[in-house]
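As structure tokens, the structure follows; a few thoughts come after it.
The values are calculated or read from the model by the stated rules, or taken from the named source; none is laboratory data. Predicted model, so just to flag it, every value in this text is computed and none were measured. When we count neighbours, we look across all protein chains shown, and the Cβ atoms used for this are built from the backbone with ideal geometry, even at glycine.
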Amino acid sequence: MTKLIILVTIHIFLLLTAGMFLYSFILILLNKKGTNKKSLLRRSVPAFLAILISYFIGIIYLSPYYLGKEGFITDASINANIPQLVFIRELLLIPLVILAFFVMISVWKYGNKVNEYVKYKASLLTLSLITLFVTTILVFLGIFIP
Amino acid sequence: MDIYSSLVVIHILGTILGVGGATFIEIFLTKSLRDGKVDATEGGFLKITFIIVRIGLVLSLFSGIGFLLLYKFSDQAFRIYNPVLWAKLSIIAVIIINALLLQAHKISLYWGSSLSLVSWYFAFIIGALSQGPFIFYSYTDIIIPYILSMIVGAFVLERIRIFFKKTTQ
């Protein structure tokens with residue numbers, strides 16, 4: 001049980017850390033004075049790594065559900081909804097890793113053109129906002145479901 | 001020091017930095033905008049204060065999520081469903097979104113400064129009193145006074161700015 005608690009805690013805090021880096025990334029992108037590739041990379045790389053590690057920890061701690069073990073919340077009415085929510089959360093984790101990877105690779109390859117092309121900046125901003133939104137949902141789902 | 005006490009210390013520290021920072025941003029802004037523009041020195045002070053507020057936000061968020069996890073693991077899940085907590089989380093969400101809107105210049109200073117200051121003070125008051133009388137309040141009991149305070153706050157802050165601008169001229 002203690003091992004599971006540690007895994008869940010690390011999983012949630014890693015997602016939260018990724019959220020912080022993504023938030024900082026968005027704040028820098030929104031800066032009217034412009035930005036540089038280095039500052040964007042310094043935020044997108046840790047965000048991706050945090051999400052990736054969190055995903056693998058998620059696999060480890062979610063696996064007991066598929067083996068039929070009980071969750072942390074003992075309330076029967078809440079437990080009844082767990083399998084569906086766990087399934088949704090696991091599904092959301094996969095596109096999140098892909099989104100974070102795409103943001104990072106995009107900055108890596110075209111980060112120095114971010115101030116020149118408005119459309120590229122806007123699409124990067126949209127992508128990172130979606131990634132942040134999904135990360136936030138996953139943090140809260142992680143708290144409400146085991 | 002146990003986990004709960006550590007979280008309380010971090011959460012209080014985050015709130016102090018957030019509330020203090022938001023207050024000083026208002027003071028610096030009022031002082032800076034007396035002549036209608038923010039010069040390099042004033043801009044430097046504002047930049048540092050923004051960083052302090054963000055550090056406060058990060059500390060508050062991490063410790064806040066820590067509290068939720070602690071409640072979950074110690075079989076106190078009922079605390080997570082408390083409407084007061086949800087009201088506080090909504091106010092924190094307003095602080096986060098407001099910072100993005102201010103950075104993108106998509107919100108005026110009139111609303112932006114009030115949203116920031118009133119939200120930080122409300123989050124602080126709810127946090128400080130959540131173990132006392134606030135525990136029985138509903139979501140709307142907190143959110144309605146919050147919205148009203150924000151409207152009044154925007155008006156008052158604007159009047160203060162105009163007052164100091166007039167006294168300088």
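May I ask you to list the residues in the range B:13-44 that are aliphatic (A, V, I, L, M) and in a loop (DSSP other than H, G, I, E, B)? Before the answer, list the steps.
First pass over the range B:13-44, keeping only residues aliphatic (A, V, I, L, M): B:13, B:16-17, B:19, B:22, B:25, B:27, B:29, B:33, B:38, B:40.
The answer is B:Val38, and nothing else.
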(request) Among the residues of the range A:112-137, write down those that are crowded, with 21+ Cβ neighbours inside 10 Å and either away from chain B (no Cβ under 12 Å) or β-branched (Val, Ile, Thr) (or both). (result) A:Val114, A:Leu124, A:Thr131, A:Thr135
(message) Residues to consider are B:Ala87, B:Ala123; find the one that is surrounded by 19 or more Cβ atoms within 10 Å (Cβ to Cβ), out of contact with any strand residue (DSSP E or B) (no Cβ under 7 Å at 6 or more places or on another chain), free of Cβ contacts under 8 Å to residues at least 60 places away in the same chain and in a helix (DSSP H, G or I).
(response) B:Ala87
(request) Please enumerate the residues belonging to the range B:91-115 that are within 19 Å of B:Arg159 (Cβ to Cβ) and more than 14 Å from chain A (Cβ to nearest Cβ). (result) B:Ser108, B:Leu109, B:Tyr110, B:Trp111, B:Ser113, B:Ser114, B:Leu115
(message) I'd like the full set of residues that are at pLDDT 90 or above and either aromatic (Phe, Trp, Tyr) or not in a helix (DSSP H, G or I) (or both), limited to the range B:126-151.
(response) B:Tyr146
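Just to check your reading of the model, which residue among B:Leu109, B:Leu102 is buried (at least 20 other Cβ atoms within 10 Å of the Cβ), at pLDDT below 90, closer than 24 Å to A:Ile26 by Cβ and more than 12 Å from the chain's Cα centre (by Cα)?
Details: B:Leu109 fails: buried (at least 20 other Cβ atoms within 10 Å of the Cβ).
The match here is B:Leu102.
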(message) Restricting to the range A:1-43, name every residue that is more than 8 Å from chain B (Cβ to nearest Cβ), within 19 Å of B:His105 (Cβ to Cβ) and over 19 Å from the mean Cα position of the chain (by Cα).
(response) A:Lys33, A:Gly34, A:Thr35
(request) Can you give me the number of residues within the range A:102-111 that are exposed (fewer than 15 other Cβ atoms within 10 Å of the Cβ) and either without any contact (Cβ under 8 Å) to a residue 12 or more places away in the chain or within 14 Å of A:Leu29 (Cα to Cα) (or both)? (result) 3
